[in-house]
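Presented below is the structure to which this report refers.
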Amino acid sequence: MQSFEEQMEVIRRGTAEIIPEDDLIKKLERSVKTGKPLCIKLGLDPTAPDIHLGHTVVLQKVRQFQLLGHEIKIILGDFTARIGDPTGKSETRQQLTEDEVKANLSTYEKQIFKVLDPARTKLFLNSQWLSPLTFQEVIELAAKYTIARMLEREDFNRRFKEGLPVGIHEFFYPLIQGYDSVVLKADVEVGGTDQKFNLLMGRTLQKEYGLEPQVALMMPILEGLDGVQKMSKSLDNYIGINEIPREIYGKTMSIPDELITRYFELVTPLGLMELSEISAGLASGELHPRDAKMKLAYELVSFYHDEKSAKQAEGEFRKVFQQRELPDQIPVYEIKSDILQDGSIWLPRLMVLTGITAGTSEGRRMITQGAVKVNGVRIEEPSYLLVPQNEMIVQCGKRKFVKLIL
């Protein structure tokens, strides 16, 4: 096991805050001296079926602890997901059904193990210990915290002052997350900066139950492809770890230059020395941002798929964007007569049918922005009626193509 100084150098990488850092140093010193690994906790609520790069920021930090030899315990919050984390919400979240949570759980485990070593990771469902609690035990748990302390939480306080509803059940979310730390006897809990209140609740409750309090380690929230708002599927500024190599590569190439180093630091497994070299190269101008992004894209595809896929994605990117050629593999859509009217079809509707846009409003917007071409000719009229011919190529944006056949 590495010395605590060497471990702290790795642990501090990309970290936003450690509360308290002195406690973590003491825990690491004791771990090195006794040879007993620390218990590292990460809680994930399966509120959606897919994980994107924003979710992997905390997973990569947990992976670093795993490589340092510590014990990883992942809580898949099947119980807490049904309450819904109120963090940052301006209104009460709609509660998920048990079936919705189960459907999301079925994909989470596979995606988590794209980052973590399954042989050295323990998974738990918090319904294992939360569902059996008696009402008396729930009351005893609630008695360990006050309404005044709950209202110190920014989102609760804001909603309360604005006269917006705050459900009593929402107060139980941080209590339950903290109780998970009591059950697991966590030494360290990892989470995003938006989870600070919840992570510190774990420290409070562990003290109340006579346990050594955990250290709260918080990671930054990753900005999405727009470079402004946090990565989110609803904002369509995300890179999904289950996406095909071409999409991961192409999306990575679209991130703003100022985020290159941040992405390398937070969502890749590169070592500290290589990170330093990339950062210095970008700062001095010796490393072109395009080349750095190509390396970043290659690393991400290699990590979530394999090196062969990364090489293919890189080759296709060079072909399509640098040499202005068509990609080797283009999805095919068969035009059938029943979708045509007088031999033509409204282009935004066709774009929805082929799957290159989610709705006709998005299709109209992409056309207006000049992002749509048919056989290499830019279409600028949202009301455009396409008369299909065999083997036409429709392109939307830089990465989406479809071949039409009759």
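May I ask you to list the residues in the range 264-287 that are among the hydroxyl-bearing types (Ser, Thr, Tyr) and free of Cβ contacts under 8 Å to residues at least 60 places away in the same chain?
Here is the first cut: in the range 264-287, the residues among the hydroxyl-bearing types (Ser, Thr, Tyr) are 268, 276, 279, 284.
Selection gives Ser276, Ser279, Ser284.
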## Note on the structure
Among the residues of the range 170-193, the number that are surrounded by 15 or more Cβ atoms within 10 Å (Cβ to Cβ) and in a helix (DSSP H, G or I) is 15
#### Entry: Per-region count, the range 114-151, residues more than 23 Å from Ala81 (Cα to Cα) and touching a residue at least 12 places away in the same chain (Cβ under 8 Å)
2
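Could you tell me which residue of the range 37-80 is surrounded by the fewest Cβ atoms within 10 Å (Cβ to Cβ), considering only residues that are of a type in the set (D, E, K, R) and within 14 Å of the chain's Cα centre (by Cα)? Don't jump to the end; show me each part of the working.
We begin by selecting, within the range 37-80, every residue of a type in the set (D, E, K, R); these are 41, 45, 50, 61, 63, 71, 73, 78.
Filter once more, so that each one left must be within 14 Å of the chain's Cα centre (by Cα): 45, 50, 61.
Values: Asp45: 23, Asp50: 15, Lys61: 24.
Result: Asp50.
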### Task
Answer with yes or no whether Leu211 is outside any helix (DSSP H, G or I) and out of contact with any His (no Cβ under 6 Å at 6 or more places or on another chain).
yes
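Criterion first (closer than 25 Å to Phe264 by Cα and either modelled with pLDDT under 85 or of a type in the set (A, V, I, L, M, F, W, C) (or both)) does Leu296 satisfy it? If you could, list the steps in order and put the result at the bottom.
On the way: closer than 25 Å to Phe264 by Cα: yes; either modelled with pLDDT under 85 or of a type in the set (A, V, I, L, M, F, W, C) (or both): yes.
Yes.
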### Query
Does Leu225 qualify as being outside the structural domain of Thr15 (by TED's automatic domain parsing), more than 17 Å from Ala81 (Cβ to Cβ) and crowded, with 16+ Cβ neighbours inside 10 Å?
yes
## Note on the structure
By residue number, the members of the range 379-406 that are of a type in the set (D, E, K, R) and closer than 22 Å to Lys251 by Cα are Lys398, Arg399, Lys400, Lys403
### Summary
Note on the range 164-211: residues of a type in the set (Gly, Ala, Ser), in contact with a Leu (Cβ under 8 Å, 6 or more places away or on another chain) and touching a residue at least 40 places away in the same chain (Cβ under 8 Å) are Ser181, Gly191
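Mind listing whichever residues of the range 152-165 are part of a loop (DSSP other than H, G, I, E, B) and either under 27 Å from the mean Cα position of the chain (by Cα) or not aliphatic (A, V, I, L, M) (or both)? Explain how you work it out, then say what you get.
Of the residues in the range 152-165, the ones part of a loop (DSSP other than H, G, I, E, B) are 152-153, 162-165.
Glu152, Arg153, Glu162, Gly163, Pro165 - these are the residues of the range 152-165 that are part of a loop (DSSP other than H, G, I, E, B) and either under 27 Å from the mean Cα position of the chain (by Cα) or not aliphatic (A, V, I, L, M) (or both).
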### Query
Mind checking which residues of the range 277-300 are more than 13 Å from Glu314 (Cα to Cα) and either part of a loop (DSSP other than H, G, I, E, B) or out of contact with any helix residue (DSSP H, G or I) (no Cβ under 8 Å at 6 or more places or on another chain) (or both)?
Glu277, Ala280, Ala283, Ser284, Gly285, Glu286, Leu287, His288
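Take Val377 and decide whether it is crowded, with 17+ Cβ neighbours inside 10 Å and hydrophobic (A, V, I, L, M, F, W, C). Show your work before the answer.
Details: crowded, with 17+ Cβ neighbours inside 10 Å: no; hydrophobic (A, V, I, L, M, F, W, C): yes.
No, not satisfied.
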### Query
Are any residues in the range 213-259 of a type in the set (Ser, Thr, Tyr) and either modelled with pLDDT of 90 or more or under 24 Å from Arg63 (Cβ atoms) (or both), and if so, which ones?
Ser232, Tyr238, Tyr249, Thr252
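The values are calculated or read from the model by the stated rules, or taken from the named source; none is laboratory data. Note that this is a predicted model, so its numbers are computed, not measured. In this analysis, Cβ positions are derived from the backbone assuming ideal geometry, glycine residues included, and neighbour counts consider all displayed protein chains.
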